Structure formats: structure tokens, C-alpha cells
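Down below is the structure, laid out as C-alpha cells.
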Amino acid sequence: VPALQTAPADSDQEVRTEVICSLGHLGDTNCAASVIALLKDRQPPSNVRFAGCYFLVEIGGSAGIDALSEALHDGDVDVRLSACCALSALGRTNALEVARGFIGHVNPFCRLASIVCLASVKTPEAMELLKTAANRSGPVAHLATVGLSDRVARVLLEALKDKDIRVRRAAVFLSLSFNEPFLIPQLQKACNDRDPEIRDGAPWAARRLERM
């Protein structure tokens with residue numbers, strides 16, 4: 001762990017991304033301050049700051065709430081969406097406006113992320129936004145309907161079984177932010193998906209939930 005703790009400052013962005021995720025897996029809170037600083041610094045690429053959001057979900061608690069809330073206004077769309085998912089996974093409701101902005105996004109990943117965030121908080125405003133998402137045409141509208149009547153785990157489960165590769169791929173990566181062991185059997189099946197990105201991501205997501 002000591003060697004990993006110095007790596008968030010590495011000049012190689014792929015190294016930083018992998019190490020920050022690994023530290024999150026280990027629940028190492030000693031690096032929280034440096035990861036929060038990295039998330040607030042708008043210079044690192046979005047994949048590094050995505051890893052920062054993931055890390056803060058993994059360690060839990062309130063340490064990164066302010067940094068994640070600030071990231072909701074970031075100029076990078078991927079960072080805004082990552083922060084939205086992280087805050088929703090941590091039980092916060094202050095990301096609803098960002099989720100609203102992704103309901104009609106052309107990318108199914110962004111739309112599903114919005115639905116998952118809304119389904120996880122279940123406030124009256126979130127329910128109204130889910131109704132809006134359910135009434136739109138597109139590959140994930142039916143999942144908004146699921147979110148209206150069931151918990152977020154069911155939304156992700158149905159997405160993992162979807163016939164659309166883009167939806168399944170999104171579900172695998174979104175499951176990394178939500179603590180739903182209910183998804184493990186379907187993630188294990190996804191390890192044999194015909195899509196290589198799903199095959200790569202599903203074992204990671206399943207192992208994360210298995211160690212909970």
C-alpha cells in the first residue's frame with residue numbers, strides 16, 4: 001500500500017487511474033486528501049477524475065462530498081456524470097439537476113446513468129424525472145419504468161440482460177458505483193458476453209460486490 005499511495009501523482013494517467021481505483025478497492029482513506037485535490041484540479045484528464053469519484057464512493061463517508069458537489073459544475077461532461085453517480089450512490093440528492101440534463105442525451109450510457117441516479121434517491125422530484133424518462137423514446141425508456149416501481153438494483157439487473165450491447169456495457173460500469181450484491185449472478189454471466197468491454201468490466205464489478 002505505501003508504494004501505491006505515492007502513485008496518484010504519477011505522470012502516466014493510466015497508472016494514476018488504475019492506482020486510484022486500487023486504493024479505493026483497499027478502502028485506503030490515507031490518500032483521500034490527495035485524491036480530493038486531484039478531483040478539484042481541472043487539469044487531469046476525465047478518466048483520472050472518474051477514478052477519483054469511484055475512489056470516494058468506495059471509501060464512503062462525507063470526506064469527498066464537497067469535491068464531488070463541486071465537480072457537478074465541471075466543464076467536462078464525463079466528470080459531471082461521474083460526480084452525479086457518486087453522489088447518488090452516497091445517498092445525496094444534490095445531483096438531481098445534473099441527472100435531469102442527461103435524461104434526453106443521445107448516448108444510452110448517459111441516459112441510463114441518469115435513470116440509475118434518479119432511481120437510487122427516489123425523491124418526489126426524482127420520480128417526476130423518471131416519468132419524463134419513461135415517456136421518451138429510446139433504448140432505455142423501459143428501464144425508467146422499472147425505476148419507478150422498483151429499486152435501483154432491479155434497473156441495473158434488467159439493463160445487464162438487455163439485448164442492446166450499449167445498454168449492457170453501461171450497466172456493467174454503473175454497477176461499480178452501487179453496492180448491490182444482488183447483481184453478482186448476472187455480472188458473472190456477463191463475463192462471457194460477446195462484447196470485449198463487457199467481458200473486461202464484468203469480472204471487476206462482480207469481484208467488488210463479492211468482497212462486500
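The values are calculated or read from the model by the stated rules, or taken from the named source; none is laboratory data. Everything numeric here is computed off the predicted structure, so don't read it as measured data. Glycine gets a Cβ as well: all are built from the backbone with ideal geometry, and neighbour counts include every protein chain shown. All accessible areas refer to the heavy atoms of the entire protein, side chains included, with ligands and DNA or RNA removed. Shrake-Rupley method; radii C 1.70, N 1.55, O 1.52, S 1.80 Å.
Numbers below:
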{"item": "Criterion (of a type outside the set (Val, Ile, Thr), open to solvent by 10 Å² or more (accessible area, probe 1.4 Å) and within 24 Å of Arg169 (Cβ to Cβ)) met by exactly one of His105, His73", "result": "His105"}
{"item": "Residue match in the range 47-57 (condition: open to solvent by 40 Å² or more (accessible area, probe 1.4 Å) and modelled with pLDDT under 80)", "result": "yes"}
{"item": "Given (1) open to solvent by 40 Å² or more (accessible area, probe 1.4 Å); (2) touching a Lys or Arg at 6+ places or on another chain (Cβ under 8 Å); (3) modelled with pLDDT under 70, index of the condition Ser22 fails", "result": "(2)"}
{"item": "Which numbered condition Leu143 misses (of (1) part of a helix (DSSP H, G or I); (2) modelled with pLDDT under 95)", "result": "(2)"}
{"item": "Set Phe50, Phe55, Phe102: member being closer than 19 Å to Arg208 by Cβ, in contact with a Cys (Cβ under 8 Å, 6 or more places away or on another chain) and aromatic (Phe, Trp, Tyr)", "result": "Phe55"}
{"item": "Single condition Arg199 does not satisfy, out of (1) exposed (fewer than 14 other Cβ atoms within 10 Å of the Cβ); (2) among the charged types (D, E, K, R); (3) without any contact (Cβ under 8 Å) to a residue 24 or more places away in the chain", "result": "(1)"}
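Let's see how each residue does on (1) open to solvent by 20 Å² or more (accessible area, probe 1.4 Å); (2) touching a Pro at 6+ places or on another chain (Cβ under 9 Å); (3) at pLDDT below 95:
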| site | (1), (2), (3) |
| --- | --- |
| Arg151 | yes, no, yes |
| Leu160 | no, no, no |
| Leu176 | no, no, yes |
| Glu180 | yes, no, yes |
| Ile184 | yes, no, no |
| Lys189 | yes, no, no |
| Asp193 | yes, no, no |
| Trp204 | yes, no, yes |
